[in-house]
Amino acid sequence: MTFWRQVWLLTALLSFGYAAQSSGPNGAGGSFNFDTADSPQTRSLKACLSVYSNCTIGVCGRFTYYRQASSQWDCSCQREVGEYEWVFGNTGHATVGEDYGSGYFDVITGSRAFVRQKTCGGCTGCSWTLTLLHLDPVDACAANTRCATCNVQPACGWCASLGKCLPGNTSTPTMGQTCPGGWRKSQSFCVAKCTDLVTNMTIFGRPAMGMDLRWWTGSTLHWMGCPDDGCLRRDFGCQFDLVAQSLTFGVEIGVLRAVVDPFNFRGDQNPTNFSGSCCTQGLEMCNAPDANNNGVAIDATTALCSALGYTSGSLLKSSPTNNCPQVHTTSTNGMSWTSDFLQGPGAGMQYRCLASLLLSATMECGEIIAMKFVLEEQQHRAVVKELVIGVAEALVSVYAMKDLQGTIVSTQTV
């Protein structure tokens, strides 16, 4: 092949899109190779051929699938025990063996392609067993809607900017998936820390200190903090407690300001100037949410903490006085924020997010060891502190006794 023909072929591949090769479990105890651009049907066929030498399409009830071509029976109670089927079409069944009137315990709703095995004879309740719910790794990861459950999966990672679980490795998504920002593969990175959030970037065209929340909220709540209006930069604080797995942030004095971009209408941009008044639309100066959440029946603090990877949250402090419109969330996962842009009293000041014990228990060994050292250091400091206090009290007693003795001697001399 000539050089220019090679260039042409490469250009053509890039122009039409080259499907990356990958592999995954076939649902029958092995693995198979596929292209990331394969349809559920093509992927099902390839998985079937990784087990049987010949496969053919079968139909039973509302299922369409690939099965072993040499099998004598299709959609029959006489199917041999141990045979597999790769289902890629479903027009209404909810469980794995519903077409046979059995298998009601394995729910397959939401799966585009799954694998099942004939596990007992006839058409009884155990006729079919689900062996793989998601033949497509993208679907398998997407079924996990929280970072904590996502990163337990060995072939999945959490994309904070999208709020989605995607197939990937420690450094990047795979299977043709992309993550604009906030890729997290390690379980210990599920929760956002101060180092992930706190920024001194310019807001409203002025220096500010606060938290960049775009990657964590679907870019609908861009920022919360102090732009030297409502609260001072120097008063903003953030603390992450590794042992307690908690994040505390906000101010003790003043009110936190917030920048909201409903429906991510303006992308990731931040306001570059200050209008001189409270917000009347997105990317203007609003107040941080309080417990009322503008009347929407969602706990705004818990939703925000959920977006940051935590399981619960509490509003530690709020102000009843400042009248700028508050931002509020319309989703319990904190991925959708807006405002009614109506002035009224109230604003959030200080918040705390907490992670569950499960999240702490599933951290990497290195982080568990780090937590152990932190805890031991705190215990050590406590012991040293008690020892120092004890010594100090003893010294005070000694000096007091000496002073008393000196007073007695002095009295006797007189």
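Every read-out reported here was derived from the displayed coordinates using simple, explicitly stated rules and does not represent laboratory data. For clarity, every value in this text was computed on a predicted model and none was experimentally measured. A quick note on method: Cβ atoms are made from the backbone with ideal geometry, for glycine too, and the neighbour counts reach across all protein chains shown.
With R₀ fixed at 22 Å, the C-beta to C-beta distance from residue 56 to residue 78 puts the FRET efficiency at about 0.85.
Under the 0.36 nm per residue contour assumption, what length would be gained going from the current alpha-carbon distance of residue 38 and residue 291 to full extension?
On the way: separation 253, 0.36 × 253 = 91.08 nm, distance 4.74 nm.
Between residue 38 and residue 291, full extension yields 86.3 nm more.
How large is the Kirkwood hydrodynamic radius of region 194-361, in angstrom, based on all distinct alpha carbon pairs?
Working: mean 1/r = 0.0649 Å⁻¹.
Hydrodynamic radius (Kirkwood, Cα pairs) of region 194-361 is 15.4 Å.
For region 230-311, which trypsin sites (Lys or Arg not before Pro) are in a loop by DSSP, counting at most 15 other Cβ atoms within 10 Å? If you can, show how the numbers build up before the last one.
On the way: sites: 233, 234, 257, 266; in loops: 266.
Qualifying residues, ordered by number: 266.
Considering region 140-188 at the alpha-carbon level, its Rg and Dmax are found to be 8.8, 25 Å. Looking at region 72-178, the GluC sites (Glu not before Pro) that sit in a DSSP loop and have at most 14 other Cβ atoms within 10 Å of their own Cβ are 80.
If you keep only loop residues by DSSP, which chymotrypsin sites (Phe, Trp or Tyr not before Pro) in region 244-311 have at most 12 other Cβ atoms within 10 Å of their Cβ? Kindly include the intermediate steps, with their values, before the conclusion.
Values: sites: 249, 263, 265, 274, 310; in loops: 265, 274, 310.
Listed in order of number, the matching sites are 265.
Summing Lys and Arg as +1 and Asp and Glu as -1 over all other residues whose Cβ lies under 11 Å from the Cβ of residue 55 gives a net charge of +1.
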